[in-house]
Amino acid sequence: EKFKEGLSKTRNSFVGAMNDLVKNYRTVDEDFFEELEEILISADVGVHTVMELIDDLKDEARKRNIQDAKDIQPVISEKLAELLQKSDQESHLLIKENELTVILFVGVNGVGKTTSIGKLAHKFKQENKKVLLAAGDTFRAGAIEQLEVWGERVGVDVIKQQAGSDPAAVMFDAIQSAKSRKVDILLCDTAGRLQNKVNLMNELEKVKRVLTKEIPDAPHEVLLVLDATTGQNAMSQAKVFQKATDVTGIVLTKLDGTAKGGIVLAIRHELDIPVKLIGLGEGLDDLYEFEADQFVHGLFS
Ligand code: GDP
């Protein structure tokens, strides 16, 4: 229920537009598809994905001999689900059993990185896992303190150094500490200043190298945090990070704050990175593992 509530802006606007469309057109013709295309694009579904979807729907309508506009609605949700479902097996976080799992969070300032780390720490703690946080954003004023606030709230320790210190050194400390304390999950924050992309990307590479040197298959996940309310900006951020580092999954935040939840499809389809977690609010429990079925269900019913 809380999940559905979190998607209500997107659901209301999408379902409303679809109902109007069916009312206005009645029959499935060229104009109908053109209008549908516009609805999907304005929900941030992404132009390429929309084109494919519309072609698919036209084929399906022809094959099934659908003429009445209201009969195509279930086919639309079916197709959307298919697009998202492709990603389901790989959409789960890779967590090692009885071994340390290292998860690196990257993304620009303000997208919800620290909040997502706090929420995920909470989730793992509830599963009785031993969690440690690494304060790798040594650049932004207040970033270390903000992570500490989350650490206290959730009840997990934070490994930190002074502001301005080398983030790679923080990571080295954190991984040693995680090993000696027999931690299950180490969640690493990183800087998100994008004023100087080259600098930031070099810093992230160095951080990754330190982790890999200590544990050859670490980081086990590199999660890029994107703000769903920023639409095309989120897409271009993703391209910058994808070029610079091996992003293994997306954390899509603030889906509760937008009617344009179609961006989930654009990210999945056009960037080819699985969405692994979605943020639907500011509270501790408002982070969900992405499930295609649950998501499509949240949009249509
Ligand atoms: P960071 O700079 O990337 O670490 O971003 P923060 O974690 O500080 O988050 C920036 C703001 O976004 C804060 O006010 C958070 O409460 C808010 N925020 C983060 N995730 C979500 C979400 O899923 N939904 C909503 N509504 N707000 C969020």
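The values are calculated or read from the model by the stated rules, or taken from the named source; none is laboratory data. As the structure is a prediction and not an experimental result, all values here were calculated from the model. Ideal geometry is used to build each Cβ from the backbone, glycine not excepted, and the neighbour counts take in all protein chains shown. Ligands, DNA and RNA are stripped out before the accessible areas are found, and what is left, the full protein with its side chains, is counted by its heavy atoms. Shrake-Rupley method; radii C 1.70, N 1.55, O 1.52, S 1.80 Å.
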* Structure fact -> Cβ pairs under 6 Å, 6+ apart or interchain, first in region 290-301 and under 14 Å from Ile278 (Cα atoms), second β-branched (Val, Ile, Thr) and buried (at least 20 other Cβ atoms within 10 Å of the Cβ), ordered by first then second residue, are Phe290/Val275; Phe290/Ile278
* Asked: How many of the residues making up region 120-133 are open to solvent by less than 10 Å² (accessible area, probe 1.4 Å) and within 14 Å of the ligand (Cβ to nearest atom)?
  -> 3
* **Which listed residue, of Glu82, Glu99, is open to solvent by 70 Å² or more (accessible area, probe 1.4 Å) and at pLDDT below 95** => Glu82
* Asked: If Asn233 satisfies every condition in (1) without any contact (Cβ under 8 Å) to a residue 12 or more places away in the chain; (2) within 25 Å of Ile175 (Cβ to Cβ); (3) within 16 Å of the ligand (Cβ to nearest atom) but one, which is the exception?
  -> (2)
* Asked: Quick check: is even one residue across region 146-165 within 18 Å of Gly107 (Cβ to Cβ), surrounded by fewer than 21 Cβ atoms within 10 Å (Cβ to Cβ), at pLDDT 95 or above and over 20 Å from the mean Cα position of the chain (by Cα)?
  -> yes
* Asked: Which of the residues belonging to region 278-293 are more than 10 Å from the ligand (Cβ to nearest atom), under 17 Å from Leu93 (Cα atoms) and outside any loop (DSSP other than H, G, I, E, B)?
  -> Glu289, Ala292
* Can you pull out the strands (runs of 3 or more DSSP E) entirely within region 73-184 that have at least 2 residues that are touching a residue at least 24 places away in the same chain (Cβ under 8 Å) and among the β-branched types (Val, Ile, Thr)? -> 101-106, 157-159
* Asked: When residues of region 53-69 are filtered for being in contact with a Lys or Arg (Cβ under 8 Å, 6 or more places away or on another chain) and surrounded by fewer than 17 Cβ atoms within 10 Å (Cβ to Cβ), how many remain?
  -> 3
* Structure fact -> Restricted to region 42-52 and to residues being closer than 15 Å to Ile267 by Cβ and aliphatic (A, V, I, L, M), the residue surrounded by the fewest Cβ atoms within 10 Å (Cβ to Cβ) is Val47
* Structure fact -> Reported set for region 188-229 where residues are surrounded by 13 or more Cβ atoms within 10 Å (Cβ to Cβ), in a loop (DSSP other than H, G, I, E, B) and more than 14 Å from the ligand (Cβ to nearest atom) is Ile215, Ala218, Pro219, His220
* Just checking, how many residues over region 236-274 are within 15 Å of the ligand (Cβ to nearest atom), part of a helix (DSSP H, G or I) and within 18 Å of Leu204 (Cα to Cα)? -> 3
* Which condition number does Phe3 fail, the rest of (1) modelled with pLDDT of 95 or more; (2) under 23 Å from Gly231 (Cα atoms); (3) not basic (Lys, Arg) being met? -> (1)
* Asked: Can you name the number of the only condition in (1) away from the ligand (no atom under 16 Å from the Cβ); (2) more than 21 Å from the chain's Cα centre (by Cα) that Phe139 fails?
  -> (1)
* Starting from residues that are of a type outside the set (Val, Ile, Thr), crowded, with 17+ Cβ neighbours inside 10 Å and under 12 Å from the mean Cα position of the chain (by Cα), keep the ones in region 272-290 and report whichever is farthest from Glu52 (Cα to Cα). => Leu287
